[in-house]
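Note sheet for the following structure.
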Amino acid sequence: MDKNDNKRQQLISEMFSASRSNGGADVSAWRRLSMHLSPLIGESGFAALYGRAARLVQPRFPWLVLEQSSQSTDLFDQLGKQLSSVDADLAAETNAALLDTFTKLLSGLIGDALTIRLLNSAWSDESHQGNAKEQK
Amino acid sequence: MSDKVTVGTLATSVPGLDLLLGGGLSEFSFNLIAGAPGSGKTTLAHQIMFSLANPQRRALFFTVLGEPPLKMLRYQQQYAFYDLDKVGSSVRYVNLGEDLRSGNFAGVLERIMREVEAFSPSLVFVDSFRSVVQTAKDGNEGIADLQHFIQELGTRMTSWEATTFLIGEYMHAEAEANPIMTVADGLFYLSQHQERNSVVRKIRIVKMRGQHHLSGSHIFRITGDGLRIYPRMLPLITEEQPETGIDTSPVRIPTGTPQIDEMLHGGLPRGHALLVVGPTGSGKTVFGTEFLAEGVRQGEKGVALFFEKTTARLRNSVLSNLIASGEVSVVSNRLLDLTVEELIDDLIEVVRRTNAKRVLVDSLSEFGLYLAPEFRSDIRGAVFRLLDTLAKLGVTVVVTIGLEDRFTELRFSQADISFLTDAIIALRYVEREGSLAKFISVVKVRGSGHSRDLRQYEITDRGIEIGERPVQIEGLLSGHPSMRDPG
């Protein structure tokens, strides 16, 4: 359990350091995750899980305004805006906390193995593609 | 040589299903898995999918408005067949919920085709198709559009060389599932039958084009390994019969009670089923235990199938020791909604695994207590299948039946079970000189002579001890015995 928890957190931090981020306000990780996960659990399933994660981290980051939408793209636009409005470190911390909570919830529902598999395919594929484009 | 098209079949590893389908799934067929909620449709679909999917034969699973996909992933993972390594590379899930809600059938079809073209699957699943059909009834789209949609989906999937499964909740598949029924090549119908408190799951292949499938309902159970189907049929004789040809002088095996071997003219013919019938306390289990113990002495493993209450065998130290030593295996059941198919399946498995030569069934009178209520009315059919299976396994069997003693009647079993066995030994009580004496006789041995004596016996610490000579009394069975006239 711990090992898988570590693996999941490691993937999150790797993803953060790999992405050519515009600071902590980068929501591309969310978009990539959504691209892989929404076909699987449905757009509304994704939005519901995101809503729950946001509600769980909100007490730690009271400035985070909870958005209601069943469209993940709307949610990420809003999140991006909110993250840009605060200090980069705080934004990064909030984003990481959200991702950690979201993936933890997902893992509780569909298991660590499948979650890590999904994160791997969502983030590693895209970062490879990103690198390939960069090399051109 | 024939120029006719050969329909390829895919062997699913769902136990029993391929036999039901007549060899396996028809390749590129368009199938419907129907049944009430909770009947095991999604599980069957997943089991088929995971058994067949590999990187060369990919599977695409569309979820619609049925079970929420998150839950489906959560619960299906609990089954042993769910192989996480296949998810992503060989198995892909796609949620169609939004497409169906926002669009029309044409939109849904386009989405399905887009996903199919992107992933090139050989297997396509749509769960649950009922929700697609409901859209037709409630929404703007009419039944005619639905029919067109299904026809189109069937045509496109077959052209894509994909074997397709639609999964839908239908209580009465044949009446409700039109128009899918017409288009579908195969229809699997799953159901749960309740009688009193017992529920028995059944599967029926209503239709399977181009294949000689087994008709009728067949039992299945769902365990941690998924579905296990028990096709309702007798085993093949060629597969199991160890000796071919007609046996004119069968090998005799000792029963463990020498005087009985003598009465049988040299022991019990190997492969026979011997019925030991008698009232309570007459020594049926003692005889059965001796039969197994003798087998062990001869180097033959045994299997005991118990329907007696479990504590009874704990008090039988000979039997307990045989079981503890591993020479005798026990098949027993704690479920009270047993089906004959499951019992036979367990028995075959144990006999093959241990290479057993002797089987004791003790006792058939309690057998009915373990069966699910719907099978209790046909004990004779159940015993027939049990004994037929054992005969084909080539084992020698002793079955016991407890029968209340109706002193003046000569009955050997309930429900005419005695006709199903090869040999019969009857035990009974008779009043003699102011005490209750026990008498034994051999009633029949198929294809062989045997003693016709009525002999007195005792049960001692050494087992059954039988008097050397027939009793000199007449009219024992009439209830009014008298000393035989020496003249």
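Couple of notes before you dig in:
- Test set (1) more than 10 Å from chain A (Cβ to nearest Cβ); (2) part of a helix (DSSP H, G or I) - B:Val126 fails condition number: (2)
- Considering residues of segment A:92-117 that are hydrophobic (A, V, I, L, M, F, W, C) and surrounded by fewer than 22 Cβ atoms within 10 Å (Cβ to Cβ) only, the residue farthest from B:Pro69 (Cα to Cα): A:Ala92
- Residue-level check: of (1) modelled with pLDDT under 85; (2) assigned to a helix (DSSP H, G or I); (3) away from chain B (no Cβ under 14 Å), A:Asn4 misses just (3).
- For first residues located in segment B:405-430 and at pLDDT below 70, partners that are in a loop (DSSP other than H, G, I, E, B) and lie 6+ apart or on another chain with Cβ distances below 7 Å form the pairs B:Asp405/B:Pro279; B:Phe407/B:Gly479; B:Thr408/B:Gly479; B:Arg411/B:Leu403; B:Ser413/B:Leu403.
- Residue check for A:Thr103: in contact (Cβ under 8 Å) with a residue 60 or more places away in the chain and either within 14 Å of another protein chain (Cβ to nearest Cβ) or not β-branched (Val, Ile, Thr) (or both): yes
- Boolean, B:Thr6 is crowded, with 23+ Cβ neighbours inside 10 Å and among the hydroxyl-bearing types (Ser, Thr, Tyr): no
- Options B:Ile112, B:Ile33, B:Ile48: the member that is free of Cβ contacts under 8 Å to residues at least 60 places away in the same chain and buried (at least 16 other Cβ atoms within 10 Å of the Cβ): B:Ile112
- So A:Phe46, is it touching a Phe, Trp or Tyr at 6+ places or on another chain (Cβ under 6 Å), surrounded by 15 or more Cβ atoms within 10 Å (Cβ to Cβ) and assigned to a helix (DSSP H, G or I): no
- Residues that are outside any loop (DSSP other than H, G, I, E, B), out of contact with any Gly (no Cβ under 6 Å at 6 or more places or on another chain) and either closer than 19 Å to B:Gly88 by Cα or of a type in the set (Lys, Arg) (or both) within segment B:44-59 comprise B:Ala45, B:His46, B:Ile48, B:Met49, B:Phe50, B:Ser51, B:Leu52, B:Asn54, B:Arg57, B:Ala59, listed in sequence order.
- On the stretch given as segment B:74-98, residues that are at the interface with chain A (Cβ under 10 Å from one of its Cβ atoms) and part of a loop (DSSP other than H, G, I, E, B) total 6.
- Cross-chain or 6+ apart pairs with Cβ under 9 Å, segment B:201-227 first and farther than 12 Å from B:Gly16 by Cβ and without any contact (Cβ under 8 Å) to a residue 12 or more places away in the chain, then among the hydrophobic types (A, V, I, L, M, F, W, C) and loosely packed, with under 15 Cβ neighbours inside 10 Å: B:Thr223/B:Ala80
- Counting the residues of segment B:50-73 that are of a type in the set (Phe, Trp, Tyr) and within 11 Å of chain A (Cβ to nearest Cβ) gives 2.
- B:Phe62 falls short on exactly one of the conditions (1) surrounded by 24 or more Cβ atoms within 10 Å (Cβ to Cβ); (2) not in a strand (DSSP E or B), and that condition is (2).
- Of all residues making up segment A:77-115, the number that are of a type in the set (Val, Ile, Thr), more than 13 Å from the chain's Cα centre (by Cα) and assigned to a helix (DSSP H, G or I): 1
The values are calculated or read from the model by the stated rules, or taken from the named source; none is laboratory data. No experiment lies behind these values; they were computed from the predicted model shown. FYI the Cβ positions are ideal-geometry reconstructions off the backbone, even for glycines, and counts take in every protein chain you see.
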